[in-house]
């Protein structure tokens, strides 16, 4: 961050912790529940959102003085929809099986309230460079949570990471004994993601008491 001013660096660093869009702002949590059963899907979704938010913020910032106020939401939707189509086509071209796994959730990036919120709250009122940093920062904050949730769900749910067994081979019966890791079906279902996110929120607030809301 030496090349960035402290103010610019905070645009990237704040969303990673004390202003995280999922655990602090409680935005975009649906995808954390839906697609984080596998670490690979979590990683690809994170990269997709980083691309959409980074490029989208830049485009909106460039056009901010040209977009009439009455149609700004429509303009923002057109920009994000175009970028999501690009992501979807790239996934279908190079990761077809994974694109089927993510299926509708890639399309739902269009309605991700984190993206639309940063367009509206930041890119429309700031220059290109700071808008880019803001988009990357918030996307990284979103992606970090998805990857953490995906890591624990796949590890504890299937005993694998990126599909590779790390807690022993799948369960094998040998007489009266079982050898290997037996799948934990609970970690695969969406409520498990909510529990993992809840644990992350608890850890964040335990480390920084200022994040605890007053009763």
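Observations on the model:
- Candidates 137, 117, 150, filtered to the one that is modelled with pLDDT of 90 or more, more than 18 Å from residue 44 (Cβ to Cβ), assigned to a helix (DSSP H, G or I) and in contact with a helix residue (DSSP H, G or I) (Cβ under 9 Å, 6 or more places away or on another chain): 137
- For first residues located in segment 1-24 and free of Cβ contacts under 8 Å to residues at least 60 places away in the same chain, partners that are surrounded by fewer than 16 Cβ atoms within 10 Å (Cβ to Cβ) and assigned to a loop (DSSP other than H, G, I, E, B) and lie 6+ apart or on another chain with Cβ distances below 7 Å form the pairs 9/1.
- Residue 98 surrounded by fewer than 19 Cβ atoms within 10 Å (Cβ to Cβ), in contact with a helix residue (DSSP H, G or I) (Cβ under 9 Å, 6 or more places away or on another chain) and over 15 Å from residue 51 (Cα atoms): yes
- For residue 211, the conditions (1) modelled with pLDDT of 70 or more; (2) under 30 Å from residue 11 (Cα atoms); (3) touching a helix residue (DSSP H, G or I) at 6+ places or on another chain (Cβ under 6 Å) all hold with the exception of (1).
- Evaluation of residue 123 against (1) modelled with pLDDT under 85; (2) buried (at least 17 other Cβ atoms within 10 Å of the Cβ) (one fails), failing number: (1)
The values are calculated or read from the model by the stated rules, or taken from the named source; none is laboratory data. Everything numeric here is computed off the predicted structure, so don't read it as measured data. Don't worry about glycine lacking a Cβ; one is built from the backbone with ideal geometry, like all the others, and counts go over all protein chains shown.
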